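All remarks here apply to the structure that follows.
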Amino acid sequence: MTTTTPISPVTLTGELAPQLSRWLWLVKWILVIPHLVVLFFLTIAALFTTIIAGFAILFTGRYPRSLFDFSVGVLRWSWRVAFYSYSALAVDKYPPFSLDKTDYPADFDVAYPEKLMNGLVLVKWWLLAIPHYLVLALIVGSSYEWSQRTNPPADQRLADIGTWGSAMGVGSTPGLLAILVLIAAVILLFTARYPQPLFDFVMGLNRWVHRVYAYVFLLTDAYPPFRLDQGGSEPSAIAAAKA
């Protein structure tokens, strides 16, 4: 009998809607504002609960179940909004305001670990995750600060040093995910179609990102694989082995 056991304790799924609006993606940034406001506060709360959970894991080797369910719920909510908006644009059904599992065509979950390594909590979220952070910079983009000194003319007197100036700013580079979703949006605008291969690739990138999120949120000790598992459904262990 063929097994359908997921290859990772972190599962991320999404079902591409058979019909999508040509233009709705143009205003989804407005429609998701209520979600973004709520998620802003929920994410802050999740960061604090992760710190508390970190101490619990360090001394007991267990992630308190209530805190675990809350953190998974925040990531689940965030993924539904991302799937609806600019991390996928793959559905027009408005996401629910809920931490729990629903019938929404996008879901995120993490298998609850009965035991976690005590000492690993001290290094997994920064040192061990550094290689993945570099990959995520390519997937989701990065931001940077810049500054430029305005030097005076060579013959300017030292007394005028107060007129020297500087310019500072913040810049960012778009990630591969944003570029691909933009391509999907343009195709939607002109054809009302979302190419399945493009959707599968976008899902693979999102799956990679959320596996890293689960790891650095201390939800699992399973190190995220350096593998792009594409498609709306989680690949099984057998399918991954064949690939």
Accessible-area composition of the range 8-62, carbon plus sulfur, in percent [1.4 Å probe]: 80
Trypsin sites (Lys or Arg not before Pro) lying in DSSP loop within the range 101-142, provided at most 13 other Cβ fall within 10 Å: K101, K115
Length released on extending from I30 to R65, taking residue separation times 0.36 nm less the Cα-Cα span: 9.1 nm
Full-stretch length increase - V216, D103 - with 0.36 nm per residue and alpha-carbon distance subtracted: 37.9 nm
Proximal charge balance of H132 [Cβ under 11 Å; K/R count +1, D/E count -1]: +2
Point-to-point label distance, I183-K115, nm (Cα→Cβ direction, 7 Å offset): 4.6
Highest to lowest packing among 9-16, 80-87, scored as the average C-beta count within 10 Å: 80-87, 9-16
Binned Cα-Cα distance frequencies in the range 1-116 - 5 Å width, integer %: 2, 10, 19, 18, 17, 13, 10, 6, 3, 1, 0
In order through the range 219-231: 3J(HN,Hα) via Karplus (6.51 cos²θ - 1.76 cosθ + 1.60), integer Hz, x for Gly, Pro: 7, 7, 9, 6, 5, x, x, 8, 8, 9, 8, 8, x
Alpha-carbon centroids, the range 14-32 and the range 46-118: separation in whole Å: 23
Residues W126 and L228, FRET efficiency given R0 of 25 Å [Cβ-Cβ distance, rounded to 0.05]: 0.55
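Under 12 Å from the Cβ of V72, count the other residues' Cβ atoms, weight Lys and Arg +1, Asp and Glu -1, and hand me the total.
-1
The values are calculated or read from the model by the stated rules, or taken from the named source; none is laboratory data. Predicted model only: the values in this text are computed from it and were never measured. Backbone-built Cβ (ideal geometry, glycine too); neighbour counts: all protein chains shown. Calculation scope for accessible area: heavy atoms of the full protein, side chains included, ligands and nucleic acids excluded. Shrake-Rupley method; radii C 1.70, N 1.55, O 1.52, S 1.80 Å.
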